[in-house]
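Just so you know, all these numbers are worked out from the coordinates, no wet-lab data involved. Here the structure is a predicted model, which means the values were calculated and not measured. Here the Cβ is made from the backbone with ideal geometry for all residues, glycine too, and neighbour counts use every protein chain on show.
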Amino acid sequence: MRYWLLKTEPEGFSIDDLAASPRQTTCWDGVRNYQARNSLRDDFRPGDKVLFYHSSIVPAAVVGLAEVVREGYPDPTAWDPDHKHFDPGATAENARWVMVDIRLVEKFDQPVTLDVLRAEPKLAKMELLRRGSRLSVQPVTPEEFKIVERLAKSSTSVGKESPKSAPAPKIAKKPSTLS
DNA sequence: GCCAACGTTGGC
DNA sequence: GCCAACGTTGGC
């Protein structure tokens, strides 16, 4: 099983949008970078675990976990002229771009902010923290994944020590595929 | 809104 | 194949 980090701008699609999606599952369309595409196409497998990351927001943070439920398949938004990510070089016959399906596993009570990630020495080599890193689909090591998961649960995060509100709903449904 | 970093494009 | 121009990303 592999581990990944997926970036999204919450203004466009947030973890709450994922939680509100049917079966808390969505297709991860719109990726238009070849390196990211190659990961989606060649390396994503059902069962892989995903760190769900909100970018272009303050504070940027890992806000929860998701799981891959469908491996790479053609991204139809690529040949839709009305779509924001339309690519004139893509056709239904030659898709060029690929998406996967992911399902929400858990929304963290407490987002793990960039500051908190940077403060953890064991994450020093994490792709996300590399200067100039812009990839929206990144591999994560099992160790990094576990550390982030632990940071989400520890109370040592920077910022408000808010009294725990209602525990986040634990979402662990079993059906494994879309439609 | 600034701007550094990076990917892509296209002229040559 | 080089590389300058350009567009985008994303933290701040």
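Filter the stretch A:1-18 down to the residues that are surrounded by 15 or more Cβ atoms within 10 Å (Cβ to Cβ) and either within 16 Å of DNA strand B (Cβ to nearest atom) or not β-branched (V, I, T) (or both) and list them by number.
A:R2, A:Y3, A:W4, A:L5, A:L6, A:K7, A:P10, A:F13, A:S14, A:L18
In the stretch A:109-130 there is no residue matching the filter, namely being surrounded by 14 or more Cβ atoms within 10 Å (Cβ to Cβ), under 21 Å from the mean Cα position of the chain (by Cα) and over 26 Å from A:S154 (Cα atoms).
Give the residue, chosen from A:R41, A:R45, A:R70, that is basic (K, R), in a helix (DSSP H, G or I), in contact (Cβ under 8 Å) with a residue 40 or more places away in the chain and more than 15 Å from DNA strand C (Cβ to nearest atom). That would be A:R41, the only listed residue that is basic (K, R), in a helix (DSSP H, G or I), in contact (Cβ under 8 Å) with a residue 40 or more places away in the chain and more than 15 Å from DNA strand C (Cβ to nearest atom). No other residue among A:T91, A:T77 is outside any strand (DSSP E or B) and within 16 Å of DNA strand B (Cβ to nearest atom) apart from A:T91.
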